Amino acid sequence: MRAQKLERIKIEDYSLEILNVLESQQTISIIDSIGRLIYVNDNFCNLVEKPKKQLIGEANDILKSHLVADKVYKSLWSAINKGKSWQGVLYYKLNGLKDFWLETALYPINSNQGCQKFLVTYKDVTAYNKFQNSFDKVFSTENSSLKNIDDLILSVNNRAKIIRATDKELTRDYDEVVGFYIYDFIPKDYHKAVRSKIKEVFVDKISNDFQFENNPDKDANELYVSRINPVLDRYGDVSYANITTEYKTKNLKILKQLQDVETKYKSVLKSCDFGIIVITDSHGIIKEWNKGAKLAFGYTEKEVIGKSLKMLIAKDYLDDGIAELLKIKNASTSNKKGETTELVVQKKDGKQFPVELAIHNWYCGKERYFSAVMIDVTKRKNLEKRLQEKSKDLELFLYRSAHDLKAPITSAEGLIELIKLENIDSDTKQLVEMLSTTLSQGKLLFDNLAFASSISQKKGELNIINFEKEVHKTLESLSGLDGYGDIDFNVSINQTKRFLTNRELLCSIFQNLIQNAIIYSKPLSAQFKPKVSIDIQQLSNKMQIVISDNGMGISDENKDKIFDIYYRASNEGKQGTGLGLYIVKCIVEDLNGSISVDTKLGSGTTFKILVPNQINNTK
């Protein structure tokens, strides 16, 4: 037993020495089950040219490289997921410049903590697997050779992975390229631009172009222009895209044409004075601007070129302006269509003025540029201000007039009541009743006019709404209308959140729509039962209100007029004040909601309303 113990101690000593030798001679790392590095030796740091502090806890890029063919990649990660060993050759591109082929071995390590770990060793076999990644070199197989990229049609998926490669005559396939990415054939500086272009093709379903330069040596630049054409499936979606490339190197005629185009572009841009156009790079640095911008802001070209776009934003609105610019910049990068906003900008002399601004973006080679097209909206803003003031004056006039006109009607109603107390004959009594009804309608009209003129002032007063309670109060208040008892009311309310809006305005919506449904209902008979449905459902940040009936409905010729002021459905067999639906539409619009109507003469009408929850406005 003593000899066995002594022998075991010697083996442990030798094992430590073996580990030290492996540590110095091998490239080693230890990863967890998702590929994060938890240990690296010095040789590994030298391989990837990074210190240990930057590597520990980060993903092992060698195991996650998109440059590895799918078959190899899947077998590698299948072994990791199953906790098994794996051996193979991986391709790694250091800093996008230097190529490595690494013979890689992965071994599972048992852990006392129950977490699966793997020891990974790497051997540099680049000399035996030299990958040709420049456009003037040749991929070769036993039976064929692959020429330059401009000789090929490359079919790619939405991740830019090559799924087929053929010559332009479609006579030969180059399977050795399949599984690589288009980025493998393009300098790294252009990858972001190309990725954006490919995304646009798959989203917008239209062709797109990109260009790039390649430097085979320091004394020459090769210019390439590539065309991306989408290929649609039978459902109209982009199945894949074909990329064709044209080589335009050292063609002095073409280069001169490009220079001429650039000169014409700058000439047109700078001479345009009917709009404000500012061109910036992706960091917001002004690169170009036109005559209109110079006239609007008062700066010379030398004073703005190379400066930040922030210098044009009014100081009082700087933070909001920058936030708005970033917002539409981010929106424009994901959408080719220009995003529009309004900003307050500042001239050189400090004078501020409002502009409407649209931002567009595009790539030129590897650089992204933004055009800010501005229109001075000072006159429009002044007109809007005057219009708002006139609207307030008109609302005040309408409100006061309605109240002033109600006074003589109230007096006339009092006189009518006194006449009714007198001993009058039946004909006179009938005339008095008709006069009383007319006065009541006139009073209702003035009440509606006064209410319509005060909608804008009321919307700022917020109340907590119990929809079930408000609907039943409305139904109770309308229970005295003719035909109310004949109607089958179906009320369904699903309110799951606290809801804030103006109670008086909301109740006015219920009052007018339900009242119309009652007034314009068809009479009860043995074959027909009038119905009114009130369905209210809670959406994420809105309430959906649907009020429908099976009444008279509205003809197609009058459907577009029902929200007009003083529109009356007298041609449908009933008479109203002509303000009810106009008031409903005004309320919905002032609450930033929406209203739609679906109706058919003789079959009924459905109103659908969306009212936003104002609870966020109280924070």
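The values are calculated or read from the model by the stated rules, or taken from the named source; none is laboratory data. None of these values were measured; they are calculated from a predicted model. In this analysis, Cβ positions are derived from the backbone assuming ideal geometry, glycine residues included, and neighbour counts consider all displayed protein chains. The area values use the complete protein model at the heavy-atom level, side chains included, leaving out ligands, DNA and RNA. Shrake-Rupley method; radii C 1.70, N 1.55, O 1.52, S 1.80 Å.
So if each residue of separation counts as 0.36 nm, and I subtract the Cα-Cα distance between Glu367 and Lys307, what length gain in nm does that give?
Contour length minus Cα-Cα distance gives 19.8 nm.
Anything over 28 Å Cα to Cα? Flag those among Lys74/Lys117; Lys117/Lys197; Lys287/Lys327, in the order listed. Numbers along the way, then the final one.
Working: Lys74/Lys117 19 Å; Lys117/Lys197 40 Å; Lys287/Lys327 21 Å.
Lys117/Lys197, as the Cα separations exceed 28 Å there.
Under the definition of Cα pairs under 8 Å and six or more residues apart, what whole-number percent is the relative contact order of segment 499-571? Provide the component values of the computation, followed by the final result.
On the way: 54 pairs, mean separation 17.5, N = 73.
In percent, rounded to a whole number, it is 24.
Give a residue-ordered list of calculated ³J(HN,Hα) values for segment 544-553 (Karplus: 6.51 cos²θ - 1.76 cosθ + 1.60, θ = phi - 60°; whole Hz; x for Gly, Pro).
Karplus-based 3J(HN,Hα) across segment 544-553 equals 9, 10, 10, 10, 9, 9, 10, x, 5, x Hz.
Which of the trypsin sites (Lys or Arg not before Pro) across segment 462-512 are loop residues per DSSP, with 14 or fewer other Cβ within 10 Å?
Numbers: sites: Lys469, Lys473, Lys497, Arg498, Arg503; in loops: Lys497, Arg498.
Taking segment 462-512 and a limit of 14 other Cβ atoms within 10 Å, the loop trypsin sites (Lys or Arg not before Pro) found are Lys497, Arg498.
Leaving out ligands, DNA and RNA but keeping every protein chain, what accessible area does Asp151 have, in Å² rounded to the nearest 10, with a 1.4 Å probe?
Near enough 60 Å² of accessible area.
Mind jotting down the three principal axis lengths of segment 464-505 based on Cα atoms? Whole angstrom, largest first.
In descending order, the Cα extents are 35, 21, 11 Å.
Would you mind getting me the FRET efficiency between Arg164 and Asp61? Use the beta-carbon distance for r and R0 = 30 Å, nearest 0.05.
Efficiency, rounded to the nearest 0.05: 0.60.
Leaving out ligands, DNA and RNA but keeping every protein chain, what accessible area does Val48 have, in Å² rounded to the nearest 10, with a 1.4 Å probe?
Only protein atoms counted, so the area is about 10 Å².
Need one word for segment 509-569: rounded, prolate or oblate. Basis is the Cα gyration tensor (sqrt eigenvalues a ≥ b ≥ c); a/c below 1.5 gives rounded, then a/b vs b/c decides.
On the way: a/c = 2.27, a/b = 1.19, b/c = 1.91.
Cα axes put segment 509-569 in the oblate bin.
Note down the accessible area of Trp86, probe 1.4 Å, to the nearest 10 Å².
30
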